[in-house]
Amino acid sequence: MSVTTETKRGGSWLIETTDAADVFTPEKLSDEHRLIGQTVDEFVTNEVLPKLDQLEQKDWDLARKLVRRAGELGLLGVDAPEAYGGVGLDKISSLVVSDHFSRAASFGATYGAQVNLAVMPIFLFGTAEQKQAYLPGLVSGEMVGAYALSEAGSGSDALGAKASAARQADGSFVLNGEKMWITNGGLADLFIVFAKVDGEHFSAFIVERAFPGVSSGKEEHKMGLHGSSTTALILQDVKVPAANLLGEVGKGHKVAFNVLNFGRFKLGAMCTGGAKDAIKEAATYATQRRQFGQPIADFGAIKYKLAEMVGRTFAIESLLYRTAGLIDSWLEQSPPKPPTDGSTVLAALEEFAVEASIAKVSGSEVLDYVLDENIQIHGGNGFVRDYPAEGHYRDSRVNRIFEGTNEINRLLIPGMLVRRAVKGELALIAAARQLQDEILGGPAAAELSGDTPLDQELRATAAFKKVALMVLGTAMQTYGERLTDEQEVLTSAADIIMDAYGSESAVLRALDTDSRKLAAAALQIDTARVFVNDAAGRIELAARDALAAMTEGDTLRTMLAALRRLLRVTPVNTVVLRRRIAADTTAKGGYPFAG
Ligand SMILES: Cc1cc2nc3c(=O)[nH]c(=O)nc-3n(C[C@H](O)[C@H](O)[C@H](O)COP(=O)(O)OP(=O)(O)OC[C@H]3O[C@@H](n4cnc5c(N)ncnc54)[C@H](O)[C@@H]3O)c2cc1C
């Protein structure tokens, strides 16, 4: 399934310009992609949602049946090659599946753990024998998988795990320890377990439930996702054959973190789908609910909320599909390898790890914003269980916690960019130096007001990227190797980078008028303008904070003057624009943009 899209390296969008026509957008989805989305929609609507109560009562036999059914529909094998029963589709298809799974949050977690955290590590790191032994069962859904990294004492600090793997004379290992919060813990047949060989070398293992000494703890009482199993995994003198070591001894971190990269990207997609579904609920309710003799949708305050929900969702959706396009085009350009070889996919996921973290953090925060406003639009009905709004709110909160907390991912975004720059994989240092010369040498003003639609916004996004470079470059110069200790500055840098990527992706999508109808184009332009307008304010604040923490006196004054010149964005009339967006949203009864 070939697509026309950017062929760039991960992170390079930050220092290069991109043509709107080259960016992959939801409007460019093929008929095949749309059919895949429809298959997921039908499965969720007809087979999962009607059974939600049973799942919430922990009917794991039913959960297993639904996993089987997802397997029959080919949904468990989207990322696995045909040789192991998969369908080996492009990553855009994979994104479409996650996007459409969102309405079934609990089963979405079961599904995500199976596909992203059990199938992927074996496909990416398994030997031919391991792939042959486990992938067909996982892909058909006969076997349920889980991923056991966290422990009570080591969540974010995953490498601090205490679980041990004692090497035996015959090459096998004996595992002891307790893993916490394992999704699918109560129903899985197979676990990807992380433990330290000889108390030192962090490593991954494929552990079957049938191995003597494996047991699960009780179900956790959670805030949400009640229809998904979460338990401890207890390992008591579990003998694991040498053949079940996954990857190499001491290289467990490669398995753990690369798998999470992809999981994060797809979690971002599930969050975006969830936001679109909630906009539909909010728009429908706001149209039907009357107060003071009129639908609440007619009030400006509600219009603001609907438009803001749409705008933030539009930006994250745009950056997600753009990233999927980047990954696919990178894969297409890589030297051909047999489809059973996971190394090319592994390299692609490493390449776009920064974008995956952006997708996870932005997606989970946009979703929480949207779900909070969805409750507010529902008023008292938002707080009671007769309406789905409160359930979505509880279900979504964990998205900011698992797959690496948002704090950890925020640190990773600038951290990984700097590492790539230092290794020479990204010409970020040269770009930052050039910018600094411009700033110190005279006016670096990008004149931001323009006449044609999105002219100003296009220049503004170029300026946002320069601000990101200015903050990153100054941070590298100021702190050197101690930069990792400066979390507040790194977090500000991450916020700027995320807003820059979201803004640019939204603007480029809105500009690509060839790929969709003109009416949608006008509304996308409005939406991109509002998002960029607000992003400029957020970026300025974050950059001021960071620069004031790193510089002082004349240097700070010069930098702040340059910042002001870069971000000289003429405010747009967001009231008018938001009213138009809200009107279209209520008229359409939901998220107004469709691929
Ligand atoms: C429903 C659910 C399902 C889960 N499923 C799985 C699963 O299938 N497999 C699995 O292995 N795990 C799973 N987890 C565990 C999850 O990945 C961890 O909870 C998560 O990684 C955070 O770890 P923690 O809870 O120990 O929090 P901590 O690491 O203790 O973090 C607490 C707070 O401190 C912050 N913090 C920690 N370290 C730093 C730092 N260096 N700098 C700045 N801030 C920091 C965090 O961001 C957070 O805000 C699941 C959790 C839940 C709730």
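Readers should treat all values here as calculations from the given coordinates under stated rules, not as data from a laboratory. Given the structure is predicted, the values throughout are model-derived calculations rather than measurements. Glycine also receives a Cβ, built like all others from the backbone with ideal geometry; neighbour counts cover every protein chain displayed.
Between Glu142 and Phe292, what length in nm is gained on full extension when 0.36 nm per residue of separation is reduced by their alpha carbon distance?
Once the chain is fully extended between Glu142 and Phe292, it gains 48.4 nm.
What is the distance in Å between the Cα centroid of region 103-145 and that of region 165-187?
18
Say a paramagnetic label sat at a point 7 Å from the Cα of Thr570, along Cα to Cβ; which residues of region 524-541 have their backbone N under 16 Å from it?
Residues 529-530, 533 fall inside that zone.
For Asp157 and Ala430, calculate 0.36 nm times their separation in residues minus their Cα-Cα distance, and state this gained length in nm to one decimal.
Length gained, Asp157 through Ala430: 95.0 nm.
What size of dipole, in debye to the nearest 20, comes out for the chain about its Cα centre when the only charges are +1 on Lys and Arg C-beta atoms and -1 on Asp and Glu C-beta atoms? Walk me through the intermediate numbers first.
Values: 62 positive and 76 negative charges, 145 e Å.
Its charge dipole is roughly 700 debye.
Would you work out which of Thr484, Ala494, Phe257 lies farthest towards the positive end of the dipole of the chain? Charges go on Cβ: Lys and Arg +1, Asp and Glu -1.
Ala494
If the convex hull of the alpha-carbon atoms of region 114-193 is projected onto planes in all directions, what is the mean projected area in square nanometres?
On the way: hull surface 23.8 nm².
Average projection, Cα convex hull of region 114-193: 6.0 nm².
I want to verify the translational diffusion coefficient of region 24-174 in µm²/s; compute it with Stokes-Einstein, Rh as the Kirkwood radius over Cα pairs, at 10 °C and 1.306 mPa s.
D = 94 µm²/s.
Rounded to the nearest 20 debye, what is the charge dipole size of region 300-401 about its Cα centre when +1 sits on each Lys and Arg Cβ and -1 on each Asp and Glu Cβ?
280
So if R0 is 25 Å, what FRET efficiency would Leu556 and Glu16 give, r being the distance between their Cβ atoms, rounded to the nearest 0.05? Working shown, then result.
On the way: r = 29 Å, r/R0 = 1.16.
With R0 = 25 Å, the Cβ-Cβ based efficiency is 0.30.
Treat the chain as a sphere of radius equal to its Kirkwood radius over Cα pairs and apply Stokes-Einstein at 10 °C in a medium of 1.306 mPa s; give the translational diffusion coefficient in µm²/s, rounded to a whole number.
Translational D for this selection: 64 µm²/s.
For region 468-574, what number results from the quotient of the Cα radius of gyration and 2.2 N^0.38 Å?
1.27
Per residue and in cubic angstrom, what volume does the convex hull of the Cα atoms of region 346-399 have?
70
Could you tell me the center-to-center distance, by alpha carbons, between region 502-571 and region 233-260 in angstrom?
When both Cα centres are located, 44 Å separates them.
In nm, give the distance between the simple-model label positions of Thr45 and Gln132, each being 7 Å from the Cα along the Cα-to-Cβ direction.
Between Thr45 and Gln132, the simple spin-label model gives 4.3 nm.
Dividing the convex hull volume of the alpha carbon atoms of region 337-477 by its residue count, what do you get in Å³ per residue? Present the calculation step by step, with values, prior to reporting the outcome.
On the way: hull volume 29.7 nm³, N = 141.
For region 337-477, the hull spanned by Cα atoms encloses 211 Å³ per residue.
Given a Förster distance of 30 Å, report the FRET efficiency between Thr405 and Leu331 from their Cβ-Cβ distance, rounded to the nearest 0.05.
Details: r = 29 Å, r/R0 = 0.97.
Calculated transfer efficiency: 0.55.
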